[in-house]
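Undergrad: The structure that follows is given in the form of structure tokens.
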Amino acid sequence: MEQVSAAARRLVEGFLGRTPPAEPHAVAFCHNDLGSEHVLVDVEANTVTGVIDWTDIDWTDAAIADPVHDIALIYRDLGPEIFDLTLAHYEGHCDDADRERAVFYARCSLLEDIAYGVRHRRTSLCGGRSGTPRPDLRVGCHVTGPRGSPGSYSASR
């Protein structure tokens, strides 16, 4: 079985050893698998007209969760630059604490990809044959001090 490289393993262990961000103040109904393939857009009006794929045959990803969970997937899939551009046009609330949780959720989702890759021998999801960790596991995140204290999460801008 293809294993995660030592470098990737160190990144994962470091991530798992840190204190997660504070809980959200509120929860909301979330799609939980929001991606561009699930968003309908009227290109002439430049507006979102709908969100699809709320179920998958006999189960659903939708859940009552932290409202920033769905926008965290933008960070995971498209990176920090597109995430920042999205937030510049986002009409909902998103402060530094929300952003911190979004980055955390994005990284958790990447760990799910790695676990899936190891389990199903999909090397592209766990560092590839070269053993190089996925760069997006590290992009845009750094560890800072006190919400601050060493080991808390902070999202770089």
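Undergrad: Sticking with the crude label model, points 7 Å out along Cα→Cβ, report the distance from Ala22 to Ile52 in nm, one decimal please.
TA: Result: 4.1 nm between the two label points.
Undergrad: Next up: Could you calculate the contour length gain from Cys108 to Thr60, that is, 0.36 nm times the residue separation minus the distance between their Cα atoms, to one decimal place in nm?
TA: Answer, rounded to one decimal: 15.4 nm.
Undergrad: Return the Cα extents of the stretch 1-126 along principal axes one, two and three, sorted largest first, each rounded to a whole Å.
TA: Extents along the principal axes: 48, 34, 29 Å.
Undergrad: Still on this structure, I have one more. I need Tyr90, Tyr75 ordered by Cβ neighbour count within 10 Å, fewest first.
TA: On the way: Tyr90 13, Tyr75 29.
Taking fewest neighbouring Cβ atoms as first place, the list is Tyr90, Tyr75.
Undergrad: Normalising by the residue count of the stretch 24-86, find the relative contact order in percent from Cα pairs under 8 Å and 6+ residues apart.
TA: Relative contact order, the stretch 24-86: 40 percent.
Undergrad: Suppose we take every Cα in the stretch 3-75 and form the convex hull; what volume per residue is that in Å³?
TA: For the stretch 3-75, the hull spanned by Cα atoms encloses 167 Å³ per residue.
Undergrad: Related question: On a full-extension model of 0.36 nm per residue, what is the gain between Glu44 and Asp95, subtracting their alpha-carbon distance, rounded to one decimal in nm?
TA: Separation in residues times 0.36 nm, less the Cα-Cα distance, equals 15.2 nm.
FYI, it's all coordinate maths here, none of it is from the lab. If you're wondering where the values come from, they're calculated on a predicted model, not measured in any experiment. Cβ coordinates were reconstructed from backbone atoms using ideal geometry, including for glycine residues, and neighbour counts include every protein chain displayed.
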